[in-house]
Amino acid sequence: MGKTIAQKIIAEHLISGEMVKGSEIGLRIDQTLTQDATGTMAYLEFESMGIPRVRTERSVAYIDHNTLQSGFMNADDHKYIQTVAAKHGIWYSRPGNGICHQVHYERFGIPGKTLIGSDSHTPTGGGIGMLAIGAGGMDVAVAMGGGAYYIPMPGMIKVELTGKLQPGVSAKDVILEVLRQLSVKGGVGYIVEYAGPGVAELSVPERCTITNMGAELGATTSIFPSDERTWDFLEAQGRGKDWKALSSDEDAEYDKLISVDMSALRPLAACPHSPDNVKPVSELGGIRVDQVCIGSCTNSSLTDMLKVASMLKGRRIADNVSLSVSPGSRQVFSMMAECGALTDLIDAGARILECACGPCIGMGFSPGSGGVSLRTFNRNFLGRSGTKDGQVYLVSPETAAASALTGVFTDPSASGRSSDLRTAGASDRGSDVRIPAPNINIYDVPDRFRINDSGIIEPLDEEAAEAAEVVKGPNIKPFPETHPLADRIETNVLLKVGDNITTDHIMPAGSRILPYRSNIPHLSQYCFEVVDPGFAERARAAGSGIIVGGQNYGQGSSREHAALVPLALGIKAVVAISFARIHAANLVNAGILPLVFENAEDYKKVRQGDRIEISSVHTGLKEDRLIMKVTAAPGDGDSSEDAGISGNIIEIPLTMQLAERQKEILLAGGLLKHTVSKEL
């Protein structure tokens, strides 16, 4: 039987296990990346292993999340990351050099290589044919030390692309259509591979837009073939020597197959508050728009910027709209300035932000109360923008630009026609503007990208590194203490939540919080504040507890803080109907037991405040089954659930979806303690 592209790369990098769907495999990792919101903890973890220099082919530390420097915290963290990178053989991308995923596929990504990154959108690298996977910081630290990266062997989903994108329709609409078909849970346990005649119609930046948002499917990663379009891109980057051809075998087999006819696609939008709440833009016409944000690791390439600039050239944004534009990298920014696109954006009324994640993670440019914000980003979770009641829609650059001109939600495929979308509050001047078609050919852009790596600092050589000092500021606190897994857990349900709880719910981002990513004690006060502001105080008072969740618990970011902060608050286990892959792994790495209801209906039988007891945990680990005794707490019940009567005791069977190695990690008290007890 033939192999898919992903299976070929896995076979070349397989260290342990067998390529049998669902069984654990260990992979040799060629490259790693971190960003500053997760990197500080990852490098503290790496240092704790006592390894003098990274053992990967390339490891890169990016500063792109915490670039709003109010107070000393972010600056201190950046100095720590820069000095630890110089000492241990890690390349360093300065603040302002660009978003990690954009810069990495421009300057470092290589087809056929493996990459893990402490950011859930690392699969962006799949657009140039890498096996690029988001992971927790501890997993990245171990990989930098030469250890394997372990995942369940994924199944394979094939997305057959046919046709050609029509004017006003973009790669963003392709991935929104895939999300519409599969949902935010549809990719869990799978690698999504793109194939078919439509692939050749997409440039590398367009492919990277699609693989970037594959993270919202819950997929392990997404990948495109490496073909002539890939070579064109790498050659333009001065890296043609890094190219290799990659394609699936004709007789490769897939577990699922879906099709997208790009010719039939029309502009789409993900409506609040989930990336799979997808509707045609034509159905949203007339909704007043308060804010438009263009950029993020999804849509900040030169092509995206030129499309927007060409639509805004010689025009002015609507009076009611505030528009921000964030180029994805210094390279993109400088080429925009060189060809005149930057001037056109400024003249149209855009506010130009630095090359960083910025508004995507609530780091500035939050919408007003209840404000409608159209964003070319990848996530629109409740409160992620920094405004709890913000109404965030995910759209293509073309839809964003058209709507910025009119002041209302506007279908860009209606280009060349006067918009008749008038709505209360939209300016008359904006509402009847003609919608221009994107035309990047109006700019004189050279075939080769403008290469300037002044924002990248090479590490010290080994001799100089021996004497180098690592600088740690006062905001950097020690890693939370972990303990070997107890054989008996007796505590209370401190929190019960529903389906699709994200890591933004568990450990929010934003300008108030991100500067403290290296300070777990301080971060703990914000845990679950989006869904239950009293949780942190209740957890500290209790000293221990468990959390009960619904389906797809922990979707979203790879941030291990969503496990480390509950650890610091005394959480011993999370019991859910199902887990997102990265978060489940992060819980294990932190020494927190992830357990699954054997019968999903039993979720309804547990209430917040109930007393629980799980005995013979060690034996249960061996048997993959535990019994949780639940003593119902006093209360008036909940008519929507089969809640127990106060004092009644019920027994609920639980299972676990853990590899033998993960069980050893839990028994040892987390990944770091397990790692130092074994030779890498």
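Kirkwood analysis of the Cα pair distances in the chain returns a hydrodynamic radius of 25.4 Å. Between E664 and H618, the simple label model (points 7 Å from Cα in the Cβ direction) yields a spacing of 1.7 nm. Annotation: the antiparallel percentage among DSSP beta bridges lying fully within region 489-676 is about 55.
Modelled spin-label separation between A75 and D319, with each label point placed 7 Å from Cα along the Cα-to-Cβ direction: 4.2 nm. Compactness of region 565-615 is given as radius of gyration and Dmax, 11.6, 30 Å, from Cα positions.
Stokes-Einstein D for region 249-292 at 10 °C, 1.306 mPa s, Kirkwood Rh over Cα pairs, in µm²/s?
After rounding, the answer is 116 µm²/s.
Here the translational diffusion coefficient of region 490-574 follows from Stokes-Einstein with Rh set to the Kirkwood radius across Cα pairs; for 10 °C and 1.306 mPa s it amounts to 125 µm²/s.
Gain on full extension, evaluated as 0.36 nm per residue between K256 and D453 minus their Cα-Cα distance, stands at 66.8 nm. Largest first, the three principal axis extents of the alpha carbons in region 134-174 are 47, 22, 13 Å in whole numbers. Mean separation of Cα pairs under 8 Å and 6 or more residues apart, divided by the residue count, gives the chain a relative contact order of 14 percent. Peptide packing: for 323-332, 441-450, 128-137, 61-70, the average count of neighbouring Cβ atoms within 10 Å per residue gives the ranking 128-137, 323-332, 61-70, 441-450, highest mean first. Annotation: amide H-H contacts under 5 Å for L593 (H modelled 1.01 Å from N, sequence separation of 5 or more, or interchain): A573, V574.
Here's the picture: a label point sits 7 Å out from the Cα of E598 along the beta-carbon direction, and within region 550-566 nothing has its amide nitrogen under 13 Å of it. Building the convex hull from the alpha-carbon atoms of region 91-214 and averaging its projection over directions returns 8.8 nm².
Computed over region 268-442, the Cα gyration tensor eigenvalues convert (square root of 5λ each) into semi-axes of 21, 20, 14 Å, ordered from largest to smallest.
Only helical runs count toward this figure. For the chain, summing -39,500 (n - 2.57) over DSSP H runs of n ≥ 4 and dividing by all residues gives -7500 deg cm²/dmol at 222 nm. Each of the peptides 212-221, 387-396, 668-677 was scored by the mean count of other Cβ atoms within 10 Å over its residues; in descending order, highest first, they stand as 212-221, 387-396, 668-677.
Loop-located trypsin sites (Lys or Arg not before Pro) in region 484-556 (DSSP state other than H, G, I, E, B) with a sparse environment of at most 10 neighbouring Cβ atoms within 10 Å: R488. In terms of overall dimensions, region 209-249 has a Cα radius of gyration and Dmax of 12.4, 34 angstrom.
Taking each of K87/K113; K3/K673; K185/K604; K477/K572; K172/K496 in turn, the alpha-carbon distance tops 30 angstrom for K3/K673; K172/K496. Below 8 Å between Cα atoms, with a sequence gap of 6+, how large is the relative contact order for region 268-442 in percent? Relative contact order, region 268-442: 31 percent.
Mind pulling the per residue volume of the convex hull built on the Cα atoms of region 5-264? Å³ is fine. Write down the numbers at each step before the final one.
Values: hull volume 33.7 nm³, N = 260.
Roughly 130 Å³ of hull volume per residue.
As a calculated quantity, the FRET efficiency between K279 and I15 at R0 = 51 Å, using C-beta atoms, amounts to about 0.70. The Rg/Rh ratio of region 72-151, with both radii computed over alpha carbons and Rh defined as the Kirkwood radius, is 0.97.
Remark: the Cα gyration tensor places region 489-676 in the oblate category, a/c being 1.5 or greater and a/b not exceeding b/c.
The orientation-averaged shadow of the Cα convex hull for region 1-109, equal to a quarter of the hull surface, comes to 8.7 nm². One way to sum up the overall shape of region 298-388 is the equivalent ellipsoid from its Cα gyration tensor, whose semi-axes run 23, 16, 10 Å, largest first.
None of the figures in this text is laboratory data; all of them are computed from the coordinates on show. Because the structure is a prediction, the values reported are computed rather than measured. Using ideal geometry, Cβ is built from the backbone for each residue, glycine included, and neighbour counts are taken over all protein chains shown.
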